[in-house]
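Visitor: The structure that follows is given in the form of structure tokens.
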Amino acid sequence: MEPILFAVLAAVALVAAVATIAWRNPLRSAFSLIVCLFALAGMFVTLFAHFLAAMQILVYAGAIMVLFVFVIMLLDLSGHGSELKLRILPVLGSLAVLAVAGKFAKTVLSTHPLVTDVPPAVPDSFGTVPGVAELLLGQFLLPFELVSLLLLVAVVGAVVVARRRFWREGK
Amino acid sequence: MNDLFLLAPVLIVTLTGIIVLVMDLFRSPEASGGTHLAWLSALGFAAASAAAIRMWPGSQAPVEGWMSALSVNAFTLFFWILLPLIAAFSVLTATGFDRENNLDHGEFYSFHAFALAGMMVMVAAVELFSLFLGLETMALAVYALVAMRRTSARGAEASIKYFITGSLASALLLYGMVLFWGETGTLRLDELGRVLSAGQCGPILYAAAGLVLVGFGFKIAAVPFHLWTPDAYQGAPTPVTGFMAAAVKAASFAALLRVVFVAMLPELFARSFTFVDLAIAVAVLTMTVGNLLAMHQEDVKRMLAYSSISHAGYLLTGLALVPQLGSGDASLRFVNGAVLFYLATYGLATLLAFGVLARLGRGGDESTTLERLAGLATRRPGLAALLSLALLSLAGFPPTAGFFAKFALLRELVVVGRGKLTILVVIALVNALFSVYYYLRPMVAMYMRKAEGEEPEEIVSPTSSFALILAALGVLVLGLFPGRLVGVSDQAARTVSYKVARGLNDGSLGALAPFAAVQSETDPKGVGASAAVQTGSGDDAVGGR
């Protein structure tokens, strides 16, 4: 049951992701992205990462998508055609890449089995809030703190790039 | 608590960034604070470098607990000493330029600090997640630096190109790392290496390794992932270009070396002919394409961008050597040592070159074309001499540091390659010869041509001159007396070997026992090894090649 559910959700996520970049209308892109994010949350559930699934819906499908939609509406971008456009050159390019990748994959697959029979061990607390908290504040404390530095850089960088002018400009 | 001290250099740099950012709030909007902020950040960076020097040569013992994501060994410390120095030179040479281009704000300097902090985490990471976070911190700060010059259309183009291709590279890298995790259940490099060597190397792992290597290929601007480089380097503010070419490239190379040598060696490279061929092909392509395209550039800044691509090619020959070695671990570290030495000297010369270029042209108007360079020797003989020195070092003329770096690297190719890599050596030599042509062109313009029409003005900045002279002295001193740095590079390179990394995590052996194991293989008598272990120096057992 779970593998089938996972496959269906993965297919939905892929189609929605392609639709996100293929729609000409930004609002439709945004809604495709919502579908993609929900499908991802469903995949997390099938992988027993319930906490992550809840966070995915709250943060991404909820808060961030609202921001996206607000920005799109404020900028009034919605009037630029609604057709689904897949141009020919990118498609040909992807096919060429797939052909090369397929050739590589064939070489490798001919010498190696696809599925190794030892799945990585998963502790009981996997995916629960205590389990995640223990990882975040234990083994991954340093990366966790690093993320705050990363966010600081991102925020200051965004402000600097988006600011209309520096103090002495335009005086 | 002791673990926290190990992080001191990174903490100092991060704090410097925050202090500079806050200090900037307290100056009046009219005052130009560039020079003060530059000195403040440079002092902070120098302090971090000094702290790293005090910690040398670090500890081999793995740190447990929350610090286990980082390893503060000699390899890490080498870059913790080198990268802050590069950043310090970079901010000092930016004074004057920042005033003219309205960049003398706290953010400009604190982004240098944050990028540096990211790099320092990246070179220390022995676990892929921290490595990625360090890399992204660095990348975001540098994107912002490139985008900061608002008035220039070329700058905007550069920032968009750099941002898009950089994000693509990060995404590839991340995807590769995720596949590694999905297949092995670990993100630690040494454990990845152990899984790979245990022979459970499934097809997914090949895909993962491929994605990670391609991601790094973008970051170090190897051909065919180099297309963003010329535009990004040309459009970025000139001192930032120097920072990108010297520091970003060195940090990316360090992380690449650690990933390849600790996690992927020799299993992936030795077992699969594709990776060997690809490593050699990419090295050859990178140096040749970079060189050929550099020849026709009329803009020295763009020419140096292409030249930085070709230098990445020389450095990649170190990776091409790997499959020739098999289990000859001792030789491996000599190759690595030569690569580290090359990175240091290349970084210094590059900073010097871009530092001089930053001084040309006032009021945000960069005059770095060959035409505008004409007659610089009569207008500003000092700047002309400094630029010439940098170009000579990049070309590899004695007695500059660049000569010794190329010599050491090619020598390792000949000696360690045991004749199998003759073609690669010949190609590298021919490339080095061709490169002399385009490195000499700016010198011809400066010394033998007269300026036509209106003479361009240069920026006056004593701080920048001070830093440039220091860098020039560095280039000369390292060229005349390279011994000390060579020793340090070798010592650093030894700690990034896969045997050391894996042996240490056995747990059954003492902290230094893996050294003994490695050295007894190379030293048939085994006497030097045990003696070295007892004294704890380990230096004198190096010569067992």
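Visitor: What are the residue pairs meeting all of these: first residue in region A:1-14, first residue touching a residue at least 24 places away in the same chain (Cβ under 8 Å), second residue exposed (fewer than 15 other Cβ atoms within 10 Å of the Cβ), Cβ atoms under 7 Å, and 6 or more apart or on different chains?
Guide: none
Visitor: Given the conditions (1) open to solvent by 10 Å² or more (accessible area, probe 1.4 Å); (2) touching a residue at least 40 places away in the same chain (Cβ under 8 Å), report the number of the one that residue B:146 does not fulfil.
Guide: (1)
Visitor: Output the number of the condition that residue B:243 fails; it satisfies all remaining conditions of (1) in contact with a His (Cβ under 8 Å, 6 or more places away or on another chain); (2) surrounded by fewer than 24 Cβ atoms within 10 Å (Cβ to Cβ).
Guide: (2)
Visitor: Could you list, in sequence order, the residues of region B:222-238 that are in a loop (DSSP other than H, G, I, E, B) and surrounded by fewer than 24 Cβ atoms within 10 Å (Cβ to Cβ)? Before the answer, list the steps.
Guide: Residues of region B:222-238 in a loop (DSSP other than H, G, I, E, B): B:222-228, B:236-237.
The answer is B:224, B:225, B:227, B:228.
Visitor: Could you say whether any residue in region A:107-130 is in a helix (DSSP H, G or I), more than 25 Å from residue A:35 (Cβ to Cβ) and at pLDDT 80 or above? Give the steps one after another, and end with the answer.
Guide: We begin by selecting, within region A:107-130, every residue in a helix (DSSP H, G or I); these are A:107-111, A:129-130.
The next check asks that each one be more than 25 Å from residue A:35 (Cβ to Cβ); those that pass are A:107-111, A:129-130.
Remaining after also requiring at pLDDT 80 or above: A:129-130.
So far as region A:107-130 goes, yes, one or more of its residues are in a helix (DSSP H, G or I), more than 25 Å from residue A:35 (Cβ to Cβ) and at pLDDT 80 or above.
Visitor: Taking the conditions exactly as written (in a helix (DSSP H, G or I) and crowded, with 24+ Cβ neighbours inside 10 Å), does residue B:383 satisfy them or not? It would help to see each step written out before you state the result.
Guide: Numbers: in a helix (DSSP H, G or I): yes; crowded, with 24+ Cβ neighbours inside 10 Å: no.
Here the answer is no, as residue B:383 does not meet what is asked.
Visitor: Right, next: Determine whether region B:274-285 contains at least one residue that is crowded, with 24+ Cβ neighbours inside 10 Å, within 23 Å of residue B:387 (Cβ to Cβ) and away from chain A (no Cβ under 14 Å).
Guide: no
Visitor: Checking the structure you have, find out if any residue of region B:100-107 is open to solvent by 10 Å² or more (accessible area, probe 1.4 Å), over 30 Å from residue A:159 (Cα atoms) and within 14 Å of another protein chain (Cβ to nearest Cβ). Before you say what the answer is, go through the steps one by one.
Guide: Applying the first criterion (open to solvent by 10 Å² or more (accessible area, probe 1.4 Å)) to region B:100-107 yields B:100-102, B:107.
From the residues that got through so far, the ones that are over 30 Å from residue A:159 (Cα atoms) too are none.
No, the conditions are met nowhere in region B:100-107.
Visitor: Also, I was wondering about something else. Among the numbered conditions (1) free of Cβ contacts under 8 Å to residues at least 60 places away in the same chain; (2) away from chain A (no Cβ under 11 Å), tell me where residue B:73 comes up short.
Guide: Of everything listed in (1) free of Cβ contacts under 8 Å to residues at least 60 places away in the same chain; (2) away from chain A (no Cβ under 11 Å), residue B:73 misses just condition (1).
Visitor: List, please: which pairs have Cβ atoms under 8 Å, are six or more places apart or on different chains, and start with a residue in region B:33-54 that is over 17 Å from residue B:72 (Cα atoms) and end with one that is β-branched (Val, Ile, Thr) and assigned to a loop (DSSP other than H, G, I, E, B)?
Guide: From region B:33-54, the pairs are B:34/B:95; B:35/B:95; B:38/B:95.
Visitor: Would you say residue B:168 is under 21 Å from residue B:35 (Cα atoms), in a helix (DSSP H, G or I) and more than 10 Å from every other protein chain (Cβ to nearest Cβ)? So that I can check it myself, show each step before the final result.
Guide: Numbers: under 21 Å from residue B:35 (Cα atoms): no; in a helix (DSSP H, G or I): yes; more than 10 Å from every other protein chain (Cβ to nearest Cβ): yes.
Against the criterion (under 21 Å from residue B:35 (Cα atoms), in a helix (DSSP H, G or I) and more than 10 Å from every other protein chain (Cβ to nearest Cβ)), residue B:168 does not qualify.
Visitor: Regarding region B:418-427, can at least one residue be identified that is surrounded by 13 or more Cβ atoms within 10 Å (Cβ to Cβ) and either more than 21 Å from residue B:336 (Cβ to Cβ) or modelled with pLDDT of 90 or more (or both)?
Guide: Looking for residues that are surrounded by 13 or more Cβ atoms within 10 Å (Cβ to Cβ) and either more than 21 Å from residue B:336 (Cβ to Cβ) or modelled with pLDDT of 90 or more (or both), one finds at least one in region B:418-427, hence yes.
Visitor: For region B:390-403, name all the residues that are in a helix (DSSP H, G or I) and open to solvent by 30 Å² or more (accessible area, probe 1.4 Å).
Guide: From region B:390-403, those in a helix (DSSP H, G or I) are B:390-395, B:401-403; that's our starting set.
Residues satisfying the conditions are B:392, B:403.
Visitor: Restrict the check to region A:56-70 and report whether at least one residue is outside any helix (DSSP H, G or I) and not basic (Lys, Arg). Spell out how you get there, then give the answer.
Guide: First pass over region A:56-70, keeping only residues outside any helix (DSSP H, G or I): none.
No, because not a single residue in region A:56-70 is outside any helix (DSSP H, G or I) and not basic (Lys, Arg).
Visitor: Mind listing just one residue for me: the one in region B:358-378 that is touching a Gly at 6+ places or on another chain (Cβ under 8 Å) and of a type outside the set (Ser, Thr, Tyr) and, of those, most open to solvent (accessible area, probe 1.4 Å)?
Guide: First, pick out the residues of region B:358-378 that are touching a Gly at 6+ places or on another chain (Cβ under 8 Å): B:358-359, B:367-368, B:372.
Narrowing further to those that are of a type outside the set (Ser, Thr, Tyr): B:358-359, B:372.
Details: B:358: 3, B:359: 5, B:372: 86 Å².
So the residue we want is B:372.
The values are calculated or read from the model by the stated rules, or taken from the named source; none is laboratory data. All values derive from a computational prediction rather than experimental measurement. Glycine gets a Cβ as well: all are built from the backbone with ideal geometry, and neighbour counts include every protein chain shown. Heavy atoms of the whole protein, side chains included, go into the accessibility calculation; ligands, DNA and RNA do not. Shrake-Rupley method; radii C 1.70, N 1.55, O 1.52, S 1.80 Å.
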